[in-house]
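The values are calculated or read from the model by the stated rules, or taken from the named source; none is laboratory data. If you're wondering where the values come from, they're calculated on a predicted model, not measured in any experiment. Virtual Cβ from ideal backbone geometry, glycine too; neighbours counted across all protein chains shown. With ligands, DNA and RNA removed, areas are computed over all heavy atoms of the protein, side chains included. Shrake-Rupley method; radii C 1.70, N 1.55, O 1.52, S 1.80 Å.
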Amino acid sequence: MIDRYLARTIAVPLIGTLVLASMLFVLDKMLKLFSFVIDAGGPVSIVFQMLANMLPEYFALGIPIGLLLGILLAFRKLATSSELDALRGIGVGFGRMLRVPYFYAVALTLLNLAIVGYIEPWARYRYERLRFDLTSGALGAAIKVGEFNHLGKRMTLRIDGSEKDGTRLRGIFLQVDEKPGSTVAATAEEGRFLSTDDPNTILFRLKKGRLIQQMDKFAAPRSLAFDSYDLPISLPAIDKFRGRGKDEDELTLIEVFKRGYAQRHSEEDRNRAQANTNYRLVEALMMLMLPLLAVALAVPPKRSTSSLGIFVAIVMVVTYHKINQYGEQMGAQGRLDPLLALWGPFILLMVLIGWMYHVVAHRPGGQPIGALEYFFAKAGKMVKGLLKRRDKGADPK
């Protein structure tokens, strides 16, 4: 009965926080991607494919925060409604109540490890491939009206107008550098692109215009006025995207471990791989300490509804994440041993959280952040007093 109640109480803020955090990440990234795709002249649908490949990274960031706030808010509710005192009064200790939080923690730790170890590397590689295809023109490019559009390395096109969904172009200027020393330029009132039997060649049918051909062997450029002219255009060759593994973040956990510890690579590659391996492990294993941290900071002082614990918990988790990022960079550069740079802060955090949990669970009335609670309570009273005196001084009576 208690377990089901705790499970429901934790689930609501956990899921809500995870969804909210992911949506905020997605919305922020969506605006940047729309701008990038439009500038590159690609199809808008590619934005949603790129966002889908960013979701694993956002979930990996949101799951620890969701787990922390889910457990913290659930136990804070128990504490402020005196249900926690009632449970402890009938012999249900913190150890018993932590069964459900640790069920969530173990399940989400395994899920997060699967995401950062296997799903996210493949998603990151697909995201980079979409970026490459977009910038290289493999996804197609939109012809912008009133601008010089570079289609490949040898063709420049400008149009004044587009009608019938781009099948009819008006006010055309075209320049094609066919080979070194040979250039063809054309102007036309209107035109359209036609496909040919050769997939590497398209036909640009121009109407009512003039064509000028310049070659080094010509004494003067050749000019031709036409009513209709079919200009064959060779499509530019599209470069192939690189293989997976240039960046350690694109390798699965097993692959990056082998690169760092089991295969022969340069010292620089080994340092980066070892740092990345240990970074992923400590980020995932840290989640097993979150239930203890959440319980330690969820219980406010008696006769208080202070929310300081929530603030401290978020600051601790975010700060630890930033320390891990810094440790990974130092380890990748060879300036610190990756084991020391990443497992050192992990052990220190584990000891700190263990002490905080011991204080709240085994010391009557214990408050691991009691000094902070006292300081902020005093500061709050001083601020309220200053505001009241200011209001009285402003009173015209």
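Summary table
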{"item": "Some residue of segment 316-339 being among the aliphatic types (A, V, I, L, M), modelled with pLDDT of 90 or more and open to solvent by 80 Å² or more (accessible area, probe 1.4 Å)", "result": "yes"}
{"item": "Neighbours by Cβ (under 6 Å, 6+ apart or cross-chain): first from segment 354-365, open to solvent by less than 100 Å² (accessible area, probe 1.4 Å); second among the β-branched types (Val, Ile, Thr)", "result": "VAL360/VAL299"}
{"item": "Answer from LYS217, LYS208 - the residue that is touching a Phe, Trp or Tyr at 6+ places or on another chain (Cβ under 9 Å), closer than 30 Å to HIS150 by Cβ, free of Cβ contacts under 8 Å to residues at least 40 places away in the same chain and among the basic types (Lys, Arg)", "result": "LYS208"}
{"item": "Scan of segment 83-111 for residues that are crowded, with 20+ Cβ neighbours inside 10 Å and either under 31 Å from the mean Cα position of the chain (by Cα) or closer than 24 Å to VAL282 by Cα (or both), ordered by number", "result": "LEU98, VAL100, PRO101, TYR104, ALA105, LEU108, THR109"}
{"item": "Answer from VAL100, VAL19, VAL92 - the residue that is closer than 30 Å to VAL359 by Cα and at pLDDT 85 or above", "result": "VAL100"}
{"item": "Residues (aromatic (Phe, Trp, Tyr) and under 10 Å from VAL282 (Cβ atoms)) located in segment 328-356", "result": "TRP343, PHE346"}
{"item": "Condition broken by GLN49, with the remaining ones in (1) in contact with a Lys or Arg (Cβ under 9 Å, 6 or more places away or on another chain); (2) at pLDDT below 85; (3) not aliphatic (A, V, I, L, M) satisfied", "result": "(2)"}
{"item": "Per-region count, segment 29-60, residues open to solvent by 70 Å² or more (accessible area, probe 1.4 Å) and either under 20 Å from LYS322 (Cα atoms) or touching a helix residue (DSSP H, G or I) at 6+ places or on another chain (Cβ under 8 Å) (or both)", "result": "3"}
{"item": "Subset tally (residues that are over 24 Å from THR183 (Cα atoms), of a type in the set (Lys, Arg) and surrounded by fewer than 17 Cβ atoms within 10 Å (Cβ to Cβ)) for segment 219-260", "result": "4"}
{"item": "Residues located in segment 261-292, provided they are over 17 Å from GLU120 (Cβ atoms), hydrophobic (A, V, I, L, M, F, W, C) and open to solvent by less than 40 Å² (accessible area, probe 1.4 Å)", "result": "MET289, LEU290, LEU292"}
{"item": "Subset tally (residues that are at pLDDT 80 or above and among the polar types (S, T, N, Q)) for segment 224-261", "result": "2"}
{"item": "Residue pairs meeting the criteria (Cβ under 6 Å; at least 6 apart or on separate chains; first within 15 Å of ALA123 (Cα to Cα) and of a type outside the set (A, V, I, L, M), in segment 238-260; second part of a loop (DSSP other than H, G, I, E, B) and open to solvent by less than 60 Å² (accessible area, probe 1.4 Å))", "result": "GLY245/LEU251"}
